[in-house]
Amino acid sequence: MGDEIEHRVEVHLDRLLEDRGMTLTELADRVGVTVVNLSILKNGRAKAVRFSTLTRLCEVLGCRPGDLLTVGDQNSANTEQVSLEELVGECAGRVIVTYEIVEVRQPPI
């Protein structure tokens, strides 16, 4: 079990936060997770992300999972990215879970 495969998933939380003028602390409060856990995710050190957390991140940021997460190309020495949507297309014959926000509703005031 010591032969852990290193992942190539890259997190684009910095760019999304900057585009929205939002701080990591504000995002943590709105998503309902700790700043420490979001920082671990942002810095690429997370080993897993709960679907419920991914759902809240996408709702709050107004994005799709492929905007937040990409998979680096294993055959390229540079950091060329492959979106999750492209990866799904390459995984024919495998069980794939896809996610899409259909509608985001604002809570009543």
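No value in this document is a laboratory result; all are computed from the given coordinates. Please read all numbers here as calculations on a predicted model, not as lab measurements. Cβ: placed from backbone, ideal geometry, glycine included. Neighbour counts: every protein chain shown.
Could you order the peptides 30-37, 62-69, 45-52 from most to least packed, using the average number of other C-beta atoms within 10 Å per residue?
Going from most to least packed, we get 62-69, 30-37, 45-52.
From the phi angles alone, apply the Karplus equation (6.51, -1.76, 1.60; θ = phi - 60°) to the stretch 52-68 and give each ³J(HN,Hα) in whole Hz, x where the residue is Gly or Pro.
5, 5, 4, 4, 5, 4, 5, 4, 5, 7, x, 9, 10, x, x, 7, 8
Mind giving me the FRET efficiency for Thr25 and Lys47? R0 is 22 Å, r the Cβ-Cβ distance, nearest 0.05 is fine.
0.45
Classify the stretch 1-51: rounded, prolate or oblate, from the alpha-carbon gyration tensor (a ≥ b ≥ c, eigenvalue square roots; a/c under 1.5 rounded; otherwise prolate if a/b is larger than b/c)? All intermediate terms of the calculation are to be shown ahead of the outcome.
Numbers: a/c = 3.10, a/b = 1.88, b/c = 1.65.
It is prolate, given that a/c is not under 1.5 and a/b is the larger ratio.
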